[in-house]
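> Have a look at this one before I ask anything.
The values are calculated or read from the model by the stated rules, or taken from the named source; none is laboratory data. Given the structure is predicted, the values throughout are model-derived calculations rather than measurements. Here the Cβ is made from the backbone with ideal geometry for all residues, glycine too, and neighbour counts use every protein chain on show.
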Amino acid sequence: MPSRQEYLDTCAEHGADVVRVTVSGHCCEKCAEWENRLLSISGATKGLPTVDEATAAGLFHPNCTHSLTEVDDYTREEVMRLDNLKFSDIVKECCEKR
Ligand SMILES: [Zn+2]
């Protein structure tokens with residue numbers, strides 16, 4: 001199984017920038033708010049927190065069982081439309097913690 005960074009590199013190589021946090025059966029408090037969220041790999045997609053921001057906010061802590069999976073454009077637009085407000089809240093929160 002490739003590492004998370006290798007997977008992100010592969011996505012970036014074929015021009016994908018948006019990934020989704022998988023839902024894990026063993027979720028911890030820190031990760032719960034990130035489940036099913038979209039993240040931008042490079043920060044190029046406006047309105048989404050980046051993978052780095054999510055990591056800084058507690059996602060992918062040691063022994064974390066979550067991973068990232070690429071999403072297609074349609075899914076991305078649907079989720080962003082429905083969850084736009086929540087995304088802004090998350091970005092705000094992780095900026096405040098720094
Ligand atoms: Zn986790």
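> Scan region 68-88 for residues that are surrounded by 15 or more Cβ atoms within 10 Å (Cβ to Cβ) and either at pLDDT below 60 or not acidic (Asp, Glu) (or both) and jot them down.
As a first pass, look at region 68-88 and keep what is surrounded by 15 or more Cβ atoms within 10 Å (Cβ to Cβ): 68, 70-71, 76, 79-80, 83, 87.
Within region 68-88, 68, 71, 76, 79, 80, 87 qualify.
Yes/no matrix, rows are residues, columns are (1) among the polar types (S, T, N, Q); (2) in contact with a His (Cβ under 6 Å, 6 or more places away or on another chain); (3) within 14 Å of the ligand (Cβ to nearest atom):
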site	(1), (2), (3)
3	yes, no, no
12	no, no, no
24	yes, yes, yes
32	no, no, yes
38	no, no, no
41	no, no, no
57	no, no, yes
65	yes, yes, yes
71	no, no, no
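> For the list (1) at pLDDT below 80; (2) within 16 Å of the ligand (Cβ to nearest atom), I need the number of the one condition that residue 91 fails.
So the condition that residue 91 fails would be (2).
> Identify, from the list 57, 16, 12, the residue that is among the hydrophobic types (A, V, I, L, M, F, W, C) and touching a strand residue (DSSP E or B) at 6+ places or on another chain (Cβ under 9 Å).
16
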